[in-house]
Amino acid sequence: MTTYIALLRAINLAGHKSVAMSDLRDLLTQLQFQNPRTLLQSGNLVFQSDGRSAATLERRLETEAAKRLRLETEFFVRSALEWRSMVDGNPFPREAKNDPAHLLLLALKDAPGGDAVKALQDAIRDREVVRADGRAAYVVYPDGIGRSRLTMALIEKKLGTRATGRNWNTVLKLAALISPDS
């Protein structure tokens with residue numbers, strides 16, 4: 001069995017796409033995934049399954065959530081190995097240590113090309129900094145996320161792919177939920 005992390009995009013935000021974490025755990029159990037767990041109320045799942053690809057799991061979870069929970073959203077699935085690689089690949093260790101709430105890890109549906117990453121970097125008008133590596137991007141918001149002009153809509157437009165983000169505190173809490181041998 002492989003351990004996976006699944007991030008749901010844009011749920012439980014100001015009453016938008018509300019879903020109980022218990023309903024998500026029940027969904028995973030009904031789909032015969034093992035040891036389903038949730039973290040916080042923002043759609044962070046940890047579960048075990050056979051070695052299916054992340055893309056296959058994403059499609060299945062999206063389809064079944066829509067059918068069984070009437071929840072239309074995207075799932076971003078990473079294996080425990082991929083998650084640890086994203087944590088280890090963080091290009092901003094100082095920010096992770098000193099200001100983890102303003103460092104976001106973005107899970108991307110597809111890996112953007114170098115030109116797309118450069119276009120995003122060129123679009124930054126304030127002090128934010130972005131780096132991308134495969135299907136992960138890291139964004140530092142030194143002045144806070146809420147007022148930044150570097151929005152998820154702009155990031156997705158420039159990178160040409162969908163994304164969901166978690167602050168570094170949440171990233172590390174999810175990493176703690178996966179066992180070292182997952």
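The values are calculated or read from the model by the stated rules, or taken from the named source; none is laboratory data. Here the structure is a predicted model, which means the values were calculated and not measured. Because the Cβ atoms are built from the backbone with ideal geometry, glycine has one as well, and the counts that use them run over all protein chains shown.
For the reader, a short list of remarks on this structure follows.
- Number of residues in the range 168-180 that are over 19 Å from ALA54 (Cβ atoms) and surrounded by fewer than 19 Cβ atoms within 10 Å (Cβ to Cβ) equals 5.
- The requirement of being surrounded by fewer than 16 Cβ atoms within 10 Å (Cβ to Cβ), of a type in the set (S, T, N, Q) and within 23 Å of MET152 (Cα to Cα) is fulfilled somewhere in the range 38-48, by at least one residue.
- Where strands (runs of 3 or more DSSP E) fall entirely within the range 19-80, those with at least 2 residues that are without any contact (Cβ under 8 Å) to a residue 60 or more places away in the chain and in contact with a Phe, Trp or Tyr (Cβ under 9 Å, 6 or more places away or on another chain) are at 34-39, 44-49.
- Residue check for LEU7: under 22 Å from ALA153 (Cα atoms) and not assigned by TED's automatic domain parsing to the domain that holds ASN167: yes
- Taking the range 139-160 as the range and being free of Cβ contacts under 8 Å to residues at least 12 places away in the same chain and either surrounded by 13 or more Cβ atoms within 10 Å (Cβ to Cβ) or part of a loop (DSSP other than H, G, I, E, B) (or both) as the test, the residues that pass are GLY146, ARG147, THR151, GLU156, LYS157.
- Here the range 1-26 is the region considered, the condition is being β-branched (Val, Ile, Thr) and at pLDDT 90 or above, and the residue that is farthest from GLU74 (Cα to Cα) is THR2.
- Taking the criterion of being in a loop (DSSP other than H, G, I, E, B) and acidic (Asp, Glu), the residues of the range 100-136 that qualify are ASP110, ASP126, GLU128.
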